[in-house]
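The values are calculated or read from the model by the stated rules, or taken from the named source; none is laboratory data. Computed from a predicted structure; not experimentally measured. Neighbour counts run over all protein chains shown; Cβ positions are idealised from the backbone, glycine included.
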Amino acid sequence: MSASDLIANLEKLGDEFLQLIQPLGDEQTIRAAQAQFLGKKGKVSEVMRELSKLAPADRPLVGAAVNKVKQTIEERVTERLGELASAAARADLARVVDVTLPPHPAPAGHLHLLTQVRLEAVQIFSELGFVVADGPQIETDWHTFEALAIPKEHPARDMQDTFYVSDEIVLRTHTSPVQVRTMQLTPPPIRIVAPGVVYRRDDDPTHSPMFTQIEGLAVDVDISFADLKGVLLHFVKRFFARDLAIRLRPSYFPFVEPGAEVDMQCSFCMGAAPAVASCRVCKGTGFVEIGGCGMVDPEVFAHVKIDAEKYTGFAFGMGLERMAMLRHGVNDIKFYYEGDVRFLEQF
Ligand code: DAH
């Protein structure tokens with residue numbers, strides 16, 4: 001092949017490449033096309049191999065043409081890749097970041113219903129001058145029973161089926177041992193509430209082996225049963241945000257005398273005819289039981305060395321699951337503990 005034929009071929013290859021690359025839209029195929037022309041076995045390299053066959057005088061001209069087509073191809077590749085990159089960048093921008101759109105809400109949790117109820121109860125009592133007291137959940141038999149006038153073999157021990165850790169250590173069955181611990185540590189006047197978890201061998205739709213109570217204790221000179229009733233009535237009205245009545249029904253708890261069960265007007269039917277007749281919550285009675293209460297028994301004062309001639313006191317204990325159930329219509333105590341967000345997120 002003559003030098004001028006080779007030069008014409010090289011020019012054709014240049015044009016051919018420019019046409020080939022035009023529609024290519026990604027780096028990989030562009031690089032492949034480049035190799036097809038400039039690679040070791042590429043079309044331009046083939047032409048270069050002919051160079052050696054030429055007369056020495058012709059070689060520089062053809063060599064220059066080779067360099068020129070190489071340069072053309074390389075420049076075009078660089079240019080085309082640049083075009084693609086800026087097109088991609090433009091597309092990216094055009095994809096639009098609308099800064100006025102609201103953000104995706106981050107899922108946020110909230111306090112568990114029982115925690116809310118506990119904090120609310122504490123808040124209401126603290127407005128009346130009560131402070132929070134605490135005690136261990138793994139408690140001595142003495143604090144849980146003995147000091148509360150429930151000696152071993154006393155039939156009242158059967159009222160609360162107990163988990164024993166050892167002969168002398170139990171999982172507290174009620175928050176009442178916090179009364180004992182407080183009175184041991186603090187001379188009157190005393191006004192405490194003690195919310196906390198308690199344990200009993202019980203398991204059915206209305207009982208759980210672990211549940212929550214709030215205990216109250218006030219000890220001072222001249223504390224009367226009327227004070228107790230006033231505090232409980234205020235609490236119920238505030239907690240339910242309604243003008244509900246309460247009823248103190250004489251009952252027996254070894255650590256109080258007199259003792260009573262605390263009933264409140266049914267918050268579902270309000271005890272009003274005709275709804276009350278078929279009310280499943282109060283079973284037609286118009287009242288529901290929410291806890292126990294009474295005046296601190298002198299025997300308890302004796303255990304904690306408080307002078308029963310000088311001081312009197314009242315105490316009460318209520319179930320917080322029950323309070324939440326009555327306010328929110330929760331009908332199975334298990335819902336509180338299963339951690340199902342479909343339940344929890346309603347509150
Ligand atoms: N501790 C009792 C229980 O869990 C409830 C109770 C009754 C607490 C009378 C009191 C009280 O403080 O005075 O069944």
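Given the structure, is residue 129 small (Gly, Ala, Ser), part of a loop (DSSP other than H, G, I, E, B) and at positive phi? Before you say what the answer is, go through the steps one by one.
Details: small (Gly, Ala, Ser): yes; part of a loop (DSSP other than H, G, I, E, B): yes; at positive phi: yes.
Against the criterion (small (Gly, Ala, Ser), part of a loop (DSSP other than H, G, I, E, B) and at positive phi), residue 129 qualifies.
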- [ ] With respect to residue 327, determine if the residue is more than 16 Å from the ligand (Cβ to nearest atom), in a helix (DSSP H, G or I), under 30 Å from residue 294 (Cβ atoms) and not acidic (Asp, Glu).
- [x] yes
- [ ] Say whether the condition of being within 13 Å of the ligand (Cβ to nearest atom), surrounded by 16 or more Cβ atoms within 10 Å (Cβ to Cβ) and part of a loop (DSSP other than H, G, I, E, B) is met by at least one residue in segment 304-323.
- [x] no
Task: Test: residue in segment 184-198 that is within 13 Å of the ligand (Cβ to nearest atom), at pLDDT below 95 and of a type outside the set (Phe, Trp, Tyr) - done: no
Task: Test: residue in segment 76-86 that is over 30 Å from residue 333 (Cα atoms), at pLDDT 90 or above, over 60 Å from the mean Cα position of the chain (by Cα) and assigned to a helix (DSSP H, G or I) - done: no
Task: Residues satisfying the stated conditions in segment 260-285, i.e. within 36 Å of the chain's Cα centre (by Cα), away from the ligand (no atom under 16 Å from the Cβ) and not aromatic (Phe, Trp, Tyr) - done: 265, 266, 267, 269, 270, 279, 280, 281, 282, 283
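Keeping to segment 286-301, report how many residues are within 16 Å of the ligand (Cβ to nearest atom) and either more than 30 Å from residue 186 (Cα to Cα) or of a type in the set (Lys, Arg) (or both).
Step one: of segment 286-301, the residues within 16 Å of the ligand (Cβ to nearest atom) are 288-301.
The next check asks that each one be either more than 30 Å from residue 186 (Cα to Cα) or of a type in the set (Lys, Arg) (or both); those that pass are 288-289.
Of the residues in segment 286-301, 2 are within 16 Å of the ligand (Cβ to nearest atom) and either more than 30 Å from residue 186 (Cα to Cα) or of a type in the set (Lys, Arg) (or both).
Considering only segment 37-52, how many residues are in contact (Cβ under 8 Å) with a residue 12 or more places away in the chain and either not β-branched (Val, Ile, Thr) or not assigned by TED's automatic domain parsing to the domain that holds residue 87 (or both)? Spell out the reasoning first.
Residues of segment 37-52 in contact (Cβ under 8 Å) with a residue 12 or more places away in the chain: 37-38, 43-44, 47-48, 50-51.
This time we only want the ones that are either not β-branched (Val, Ile, Thr) or not assigned by TED's automatic domain parsing to the domain that holds residue 87 (or both), so: 37-38, 43, 48, 50-51.
Summing the residues that are in contact (Cβ under 8 Å) with a residue 12 or more places away in the chain and either not β-branched (Val, Ile, Thr) or not assigned by TED's automatic domain parsing to the domain that holds residue 87 (or both) in segment 37-52 gives 6.
Would you point out which residue out of 153, 83 is on the phi > 0 side of the Ramachandran plot, exposed (fewer than 13 other Cβ atoms within 10 Å of the Cβ), more than 16 Å from the ligand (Cβ to nearest atom) and not aliphatic (A, V, I, L, M)? Steps first, answer last, please.
On the way: 83 fails: on the phi > 0 side of the Ramachandran plot.
Only one candidate passes the filter, namely 153.
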Open item on the list: Go through segment 123-144 and report how many residues are within 10 Å of residue 172 (Cβ to Cβ) and among the hydrophobic types (A, V, I, L, M, F, W, C).
Closed with: 1
Open item on the list: Filter segment 172-195 down to the residues that are out of contact with any strand residue (DSSP E or B) (no Cβ under 7 Å at 6 or more places or on another chain) and buried (at least 21 other Cβ atoms within 10 Å of the Cβ) and list them by number.
Closed with: 180
